[in-house]
Amino acid sequence: MLITVADLRLDPVEFDEHFSVDAIDYGPDIRQVGVLDAKGRADLIEEHRGHKQVVPDIRMRGDYSARFEMPCARCVEAVEHQLEASFDLLYRPIGVDATGAERAISTSETEIGYYNGDGLVLEDVLREQVLLSLPEKALCRADCKGLCPGCGRNLNTEQCSCASTEADPRWSALSDLRSKIKS
Ligand SMILES: [Zn+2]
Ligand SMILES: [Zn+2]
């Protein structure tokens, strides 16, 4: 759903949307389970700078909820995570702050983000919020035994006969993949 500055000049835009599992791409490790519900509104906030310059900022407020699956950081089995969160964000046109002080949006309070072109795509806002709100690493259980560094078997469900003294760097690389993608 594209929310344009032109639309917002006429009226605030209210949204009450339901996104199916493949509507938003969260990257290779995160899967949405079931529908994501998002409800809220967008307002135009005209920021007056000096005599002539008026900056059209977009304020996005809303709530969303959905369930997600992400891989256990040790054994790579899917772990479910329920998210219910709200956001209150301000987006400026990209390039308007020429000082290089553009900051990434975070989930705390109102922070500044930037939009490109005519406006904002709601799906992009939600993707960013979901990725920021999910934990950096998930464990299927606190005492997850992980994968055998020798043969790669899931040690929660299987036993193997590896001597298991030498770690195979491939498996720790796999379980670290998500944190690397995120950073
Ligand atoms: Zn696990
Ligand atoms: Zn093994």
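The values are calculated or read from the model by the stated rules, or taken from the named source; none is laboratory data. Predicted model only: the values in this text are computed from it and were never measured. Here the Cβ is made from the backbone with ideal geometry for all residues, glycine too, and neighbour counts use every protein chain on show. Just so you know, the surface numbers come from the protein's heavy atoms only, side chains and all, with ligands and any DNA or RNA stripped out. Shrake-Rupley method; radii C 1.70, N 1.55, O 1.52, S 1.80 Å.
Kindly check whether there is at least one residue in segment 149-166 that is part of a loop (DSSP other than H, G, I, E, B), modelled with pLDDT under 90 and β-branched (Val, Ile, Thr).
Looking through segment 149-166, at least one residue is part of a loop (DSSP other than H, G, I, E, B), modelled with pLDDT under 90 and β-branched (Val, Ile, Thr).
Of Glu109, Glu84, which residue is surrounded by fewer than 16 Cβ atoms within 10 Å (Cβ to Cβ) and at pLDDT 95 or above?
Glu84
Residue-by-condition table, conditions (1) modelled with pLDDT under 95; (2) closer than 12 Å to Leu122 by Cα:
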{"residue": "Gln32", "(1), (2)": "no, no"}
{"residue": "Val35", "(1), (2)": "no, no"}
{"residue": "Lys39", "(1), (2)": "no, yes"}
{"residue": "Glu47", "(1), (2)": "yes, no"}
{"residue": "Lys52", "(1), (2)": "yes, no"}
{"residue": "Pro71", "(1), (2)": "no, no"}
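Considering only segment 1-46, state which residues are acidic (Asp, Glu), touching a Lys or Arg at 6+ places or on another chain (Cβ under 8 Å), surrounded by 13 or more Cβ atoms within 10 Å (Cβ to Cβ) and assigned to a strand (DSSP E or B).
Glu17, Asp43
Hey, could you check segment 129-151 for residues that are touching a Lys or Arg at 6+ places or on another chain (Cβ under 8 Å) and more than 9 Å from ligand 1 (Cβ to nearest atom) and say which is least open to solvent (accessible area, probe 1.4 Å)?
The first filter runs over segment 129-151 and keeps only residues touching a Lys or Arg at 6+ places or on another chain (Cβ under 8 Å), leaving 131, 136-137, 139-140, 144-147.
Filter once more, so that each one left must be more than 9 Å from ligand 1 (Cβ to nearest atom): 131, 136-137.
Working: Leu131: 54, Glu136: 90, Lys137: 110 Å².
So the residue we want is Leu131.
Here's a check for you: in segment 115-126, which residue that is outside any loop (DSSP other than H, G, I, E, B) and either surrounded by 18 or more Cβ atoms within 10 Å (Cβ to Cβ) or at positive phi (or both) is nearest to ligand 1 (Cβ to nearest atom)?
Across segment 115-126, the extreme among qualifying residues is Leu126.
What are the pairs with Cβ atoms under 6 angstrom where one residue, in segment 121-145, is without any contact (Cβ under 8 Å) to a residue 40 or more places away in the chain and the other, located anywhere, is open to solvent by 70 Å² or more (accessible area, probe 1.4 Å) and more than 16 Å from ligand 2 (Cβ to nearest atom)? Sequence gap at least six, or different chains.
If the second residue must be open to solvent by 70 Å² or more (accessible area, probe 1.4 Å) and more than 16 Å from ligand 2 (Cβ to nearest atom), the pairs left are Leu132/Thr107.
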